[in-house]
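See below for the structure under consideration.
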Amino acid sequence: MWNSMRSVKLSLVCTRLVIMLVAISAAVVAMPAGRSVLLLAFGRADTYDFAVEPLILGLYYVCCVPAVAALLLLDRLLSNIMRGKVFTEGNVKALRIISWCCFAEAFILAAAALYFAPILFAVAVVTAFFGLILRVVKNVIEAAVALKAENDFTI
């Protein structure tokens with residue numbers, strides 16, 4: 001039967017798979033064949049100006065930084081939940097940093113949308129929305145941590 005612990009384990013496995021995929025994709029993009037796939041994804045391969053390649057690669061790697069940071073913190077958060085540590089200051093801090101990673105990613109994508117495909121602006125808005133939702137969840141967990149601390153001191 002499916003339960004919440006299995007759900008957390010599945011989330012943890014998926015998070016670790018995505019971390020591995022990001023690492024593999026970063027290695028693939030470093031190769032010439034991988035670069036051409038990335039450039040095709042940006043839609044500029046047919047009218048390709050080779051001066052743009054460093055910008056696209058730089059954008060890709062800059063976007064990887066907050067994404068990997070958020071994934072690693074998500075892994076830590078899920079590991080804490082598996083150990084029964086749900087309402088802790090560490091989890092609140094992890095959620096706070098993950099939300100700021102979303103906002104950083106949104107800023108990077110919005111700036112890139114000015115030069116590259118305008119669809120990146122829509123992705124930036126969605127990413128910022130995720131960051132906002134995480135801020136709300138962080139505030140709820142933070143309030144729960146405060147209630148838990150108050151109850152722990154009550155006799």
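Bear in mind these aren't lab numbers, they're just calculated from the coordinates by the rules spelled out. Note that the structure is a prediction, hence the values are computed from the model and not measured. Don't worry about glycine lacking a Cβ; one is built from the backbone with ideal geometry, like all the others, and counts go over all protein chains shown.
Structure notes:
- Solvent-free Debye scattering, log10 I(q)/I(0), computed from the Cα coordinates of the chain at q = 0.12, 0.13, 0.16 Å⁻¹: -0.64, -0.72, -0.97
- Sequence of Thr154, Thr88, Thr127 once ranked by neighbouring C-beta atoms within 10 Å, starting from the fewest: Thr154, Thr88, Thr127
- Gap separating the Cα centres of region 58-74 and region 84-128, nearest whole Å: 10 Å
- Helical runs (DSSP H, four residues minimum) scored at -39500 (n - 2.57) apiece and divided by the length of the chain put the mean residue ellipticity at 222 nm at -29000 deg cm²/dmol.
- Selected from Pro118, Pro66, Pro54 as most flexible by GNM, with the chain as the system and alpha-carbon contacts under 10 Å: Pro54
- Considering only Ala33, Ala144, Ala106, the Gaussian network model of the chain with Cα springs below 10 Å gives its largest mean-square fluctuation to Ala33.
- Cβ-based charge dipole, the chain, positive-most Cα from Val92, Ala106, Leu120: Val92
- Charge dipole (Cα centre; +1 on Lys/Arg Cβ, -1 on Asp/Glu Cβ; no other charges) of region 4-153 amounts to roughly 520 debye.
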